[in-house]
Amino acid sequence: HTMHSEYAEVPQEVVDAVLAAKARGNRVIAVGTTSVRSLESAAQAAKDALIAPFFDDTQIFIYPGYQYQVIDALVTNFHLPESTLIMLVSAFAGYQHTMNAYKVAVEQKYRFFSYGDAMFITYNPQAISERP
């Protein structure tokens, strides 16, 4: 799959905040999938550190099996079925957890996509080995 490109900026101030949060044992919470892609791209670009400044286009494609390096929680909308963004969420929460949440969202008539309802997701480390 060819992933769309988007420009990402992760300045030194963000890198410092992420490293300080991790050092204190705090969570790094991304707000939105662009933030996720930006932070994870900055982590991939880092050579000998968890994360480094990043100012470039990213085409990172996050799907089930991806091992997250930076974020511990995520706030995002309910995304459209069969989208790359629902794959990103599935990679974070686990496929079955994601499908269960979406089933409830449909039953409860949550709104989807850009102006829809949001969800707070904590990282499920078992998602790495889980495949749809």
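FYI, it's all coordinate maths here, none of it is from the lab. Predicted model only: the values in this text are computed from it and were never measured. Positions of Cβ are backbone-derived with ideal geometry, glycine not excepted, and every protein chain shown enters the neighbour counts.
Worth pointing out:
- Using θ = phi - 60° and Karplus 6.51 cos²θ - 1.76 cosθ + 1.60, couplings along the range 17-24 (whole Hz; Gly, Pro as x): 5, 5, 5, 5, 4, 4, 5, 7
- Phi-derived couplings, Karplus 6.51 cos²θ - 1.76 cosθ + 1.60 at θ = phi - 60°, listed residue by residue for the range 46-53: 6, 8, 10, 9, 5, 8, 9, x Hz, with x used for Gly and Pro.
- Per-residue ³J(HN,Hα) for the range 26-36, Karplus 6.51 cos²θ - 1.76 cosθ + 1.60, θ = phi - 60°, Hz, x for Gly and Pro: 7, 8, 9, 10, 8, 10, x, 6, 5, 4, 4
- Estimated FRET transfer efficiency when R0 is 22 angstrom, pair Glu9-Thr122 (beta carbons, to 0.05): 0.25
- Here the Debye sum runs over all C-alpha atoms of the chain as equal scatterers in vacuum, and log10 of I(q)/I(0) at q = 0.20, 0.22 Å⁻¹ comes out as -1.21, -1.39.
- Max mean-square fluctuation residue, GNM over the chain, Cα-Cα springs under 10 Å, options Val104, Val89, Val18: Val104
- When the chain is treated as a Gaussian network with alpha carbon springs shorter than 10 Å, the biggest mean-square fluctuation among Ala73, Ala101, Ala91 belongs to Ala101.
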